[in-house]
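Accompanying notes for the structure given below.
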Amino acid sequence: MDRYALILDSVSVRYGEKEAIANVSMKLEKGKLHVLMGPNGGGKTTLIRAIAGLVPFKGKIKIYGIESHEYLKRHSIGYLAQRGETVYDFPMTAIEVVEMGRYGTKESRKLRREKAMKFLEEVNMETYAHVPIGELSGGQQQRVLLARALATESKLMLLDEPLTGMDSRAQSRFYRMLNSLRARHALTILIASHDMGFTTAYAENIMCINKTMVSRECIAKLLAEPEIKELYGPNIHLVKHYHLPQEEDNDV
Amino acid sequence: MMFEFLNYSFMERAIVAGTLVAIITGIVGPFLVFRKMSFMGAGLSHGALAGIALGIILGLSPTLMSVLIVMGLGFLIGLVSRTGKISEDSAIGTVYTFFMALGIFLINLSKGYHINIMGYLFGDILAISKYDILFALIVLIVVLVWLILRGRAMLYLTFDEDFAKITGVPIGWDYYIFMVITSLSIITVVKLVGVVLAGSILIVPSASAKMLSKSFMKIIAISVISGIISIFSGIAFSYYLNTSSGPSIVFFVTAFFLCVLLWQFGSNTTSRKVKIKSPSSRP
Ligand SMILES: Nc1ncnc2c1ncn2[C@@H]1O[C@H](COP(=O)(O)OP(=O)(O)OP(=O)(O)O)[C@@H](O)[C@H]1O
Ligand SMILES: [Mg+2]
């Protein structure tokens, strides 16, 4: 139990008649970067929202050994929603947005500001601290929202497609930043993504979800998805990275 | 003398009430605007009519009865939209027309009583009593206390409900408390401009302010100030031309909104992009 930050035991979520995910079980080791892959509509967002207590589910979710609803009553967790779920044109500056992560702490206004600034520095956004969130670029907004997730000082980060709106250089920087944050703060990170590039390069554990299936050997299947073929062309190639724990059938 | 109307005590009452209302709506309005609940004010104010009529028929205070009815209505709309599958605006749309009908129906029933229906519908500054001012003052205090204690939580909830929930904002509670705050606020407005036009006073100054600033506190400040100016102008207008106070005030509130809108059109191309002096090489 000590080894795992997150344990899911046959978790199912329904939206009315529609079953979005069914009997998903997984264990996430502490301090690692885990990636949840899957096609559009595969249930990545649903799973993350279930963990965060934002949708009702059947089954068991334990966060640091405690039943998730109990855990969430007493602790915040780091959460970055999929883009499009937040209203961005809102009269709050970047630093005010980051301060949201400090809600519930009894610290003074001044200390809150200082801490928020520290987390903005962590994502290299301190120069934009007083810019309204709606006037930042997509990638900059994502970094501010990451800082907000970090500001909860939770060891568990749930990031739903954090790379949206970033060019490949920004993606690479984002992952490097994430990795160093993970190392420094001993974070357990769960990322939902269907990115084949940097995500697979930095992930220490890749899981795939398509409603029911959660497996480690699905990348080949995923790559065969017609949408992805359409997106990246028929000759997609997955590059193996030497520092990754290897799966048997990574190559296509 | 330009300001002779201030000597009249009913005028003083109207001015004091107008100021209180402008502050209350200037604080509450921006939350409604950013929560996309602009319709809420209009919906709740129509419920006030039923309360007023009920109060008169039962021989109880119309203000008290409208507080009860409007708060009940606010709670009902909240309940229907939070637990049901329909959106807030459809919930308001279905519920408030019924209350409006009920109000008119009750007024019809109370034919024997002397009811100034035009006054209730469109506002009558002559009818503002010192109790109305006292009520508005109490509501203002409640609103200020709420802003201090729950303002931050409400702001977070308005910006991003999911994240607010995860960080422990009791979103259900805050939502219902906000309904109560909105209900109390709308009743103070109803006295000044009547049932039909109250929604405008609650929303329009905040909608104008929204275009003028990117800071929530400044938006509140601008909507308070522009509200006070519009309400004063409206009251003066209504006094000199002997018109109903409601339409006169709404006229100025809307005129201000249009001015801001036109000004925005004019300066749109130049002011939209904010230049930041910082390394642009960062992704
Ligand atoms: N609020 C909702 N109501 C009804 N059905 C929903 C809702 N949210 C998601 N679904 C359905 O649940 C399934 C899983 O959706 P989900 O958003 O979890 O997928 P995803 O893997 O995050 O997709 P994407 O890659 O597009 O973000 C989809 O079939 C979707 O249509
Ligand atoms: Mg998703």
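The values are calculated or read from the model by the stated rules, or taken from the named source; none is laboratory data. Just so you know, these numbers come straight off a predicted model, no measurement behind them. All Cβ positions, glycine included, derive from the backbone under ideal geometry; neighbour counts span all protein chains shown. SASA here: full protein model, heavy atoms, side chains in, ligands and nucleic acids out. Shrake-Rupley method; radii C 1.70, N 1.55, O 1.52, S 1.80 Å.
Observations on the structure shown:
- Chain B against chain A buries an accessible area of about 3100 Å², both chains summed, 1.4 Å probe radius.
- Considering only alpha-carbon pairs that sit under 8 angstrom and 6 or more positions apart, the relative contact order computed for chain B is 29 percent.
- For B:Ile104 and A:Glu153, the FRET efficiency from 1/(1 + (r/R0)^6), where r spans their Cβ atoms and R0 equals 60 Å, is about 0.60.
- Net charge dipole size for the range B:4-273 [Lys, Arg +1 and Asp, Glu -1 on Cβ; Debye, nearest 20]: 500
- Rounded FRET efficiency, nearest 0.05, which uses the C-beta distance separating A:Ala183 from A:Asn40 and R0 of 35 Å: 0.65
- Rg/Rh ratio calculated on Cα atoms of the protein assembly as shown (Kirkwood radius): 1.06
- With 0.36 nm allotted per residue and the present C-alpha distance subtracted, the A:His130-A:Gln82 stretch has 14.9 nm of extension available.
- In a fully extended conformation the segment linking A:Lys73 and A:Ala201 would gain 42.6 nm over its present Cα-Cα distance, using 0.36 nm per residue.
- Along the range B:152-164 the Karplus relation, 6.51 cos²θ - 1.76 cosθ + 1.60 evaluated at θ = phi - 60°, assigns HN-Hα couplings of 5, 4, 5, 4, 5, 4, 6, 6, 7, 4, 4, 5, 4 Hz to successive residues, with x for each Gly and Pro.
- Signed unit charges on C-beta, dipole axis of the range A:104-222, positive-most listed residue A:Leu111, A:Leu190, A:Leu156: A:Leu111
- Accessible surface of the range B:4-273 [probe 1.4 Å, protein heavy atoms]: carbon and sulfur percent: 72
- When the charge dipole of chain B is built from unit charges on Cβ atoms (+1 for Lys and Arg, -1 for Asp and Glu) and taken about the Cα centre, the candidate among B:Met37, B:Ala50, B:Thr182 whose Cα reaches farthest toward its positive end is B:Met37.
- Projected label distance in nm at B:Asn116 and B:Leu137, using a 7 Å step from Cα toward the beta-carbon: 2.2
- In the range B:142-176, burial by the other protein chains removes 20 Å² or more of accessible area from B:Arg152, B:Leu155, B:Tyr156, B:Phe159, B:Asp160, B:Asp162, B:Phe163, B:Lys165, B:Ile166, B:Thr167, compared with the chain on its own (1.4 Å probe, ligands and nucleic acids ignored).
- Distance between the range B:107-179 and the range A:3-30 - C-alpha centres, whole angstrom: 42
- Full extension of the chain segment joining A:Lys110 with A:Ala22 gains 27.1 nm, where the gain is 0.36 nm per residue of separation less the Cα-Cα distance.
- Between the listed residues B:Pro62, B:Asn116, B:Leu157, the Cα displaced farthest toward the positive end of the dipole of the range B:4-273, a dipole computed from Cβ unit charges relative to the Cα centre, is found at B:Leu157.
- Here the simple spin-label model places points 7 Å from the Cα toward Cβ, and for B:Ala255 and A:Lys58 these points are separated by 6.4 nm.
- Averaging the Cα positions of each part gives two centres, and for the range B:193-243 and the range A:178-212 these lie 50 Å apart.
- Computed 3J(HN,Hα) for the range A:187-198, one whole-Hz value per residue from the Karplus formula 6.51 cos²θ - 1.76 cosθ + 1.60 where θ = phi - 60°, is 7, 9, 10, 10, 10, 9, 6, 10, 7, 9, x, 5, glycine and proline marked x.
- Neighbouring Cβ atoms from other chains, within 10 Å of the Cβ of residues in B:49-62, number 0 on average.
- Per residue, in Å², the accessible surface of the range B:54-139 once ligands and nucleic acids are set aside, probe 1.4 Å: 56
- Per-bin percent of Cα-Cα distances, the range B:4-273 [10 Å]: 7, 30, 35, 21, 6, 1, 0
- Net charge dipole, the protein assembly as shown: roughly 960 debye, given to the nearest 20, about the Cα centre with Cβ charges of +1 for Lys and Arg and -1 for Asp and Glu.
- Rounded to whole Hz, the Karplus (6.51, -1.76, 1.60) HN-Hα couplings of the range A:118-127, x for glycine and proline: 4, 6, 5, 5, 4, 9, 6, 10, 4, 5
- Using a Förster distance of 25 Å, the FRET efficiency for B:Glu12-B:Leu60 (Cβ separation, nearest 0.05): 0.35
- Label-point separation in nm, A:Thr212 to A:Asp167, each point 7 Å along Cα→Cβ: 4.4
- Pairs from the table (A:Lys62/B:Lys165; B:Lys191/B:Lys214; A:Lys115/B:Lys210; A:Lys32/B:Lys165) lying more than 24 angstrom apart at Cα are B:Lys191/B:Lys214; A:Lys115/B:Lys210; A:Lys32/B:Lys165.
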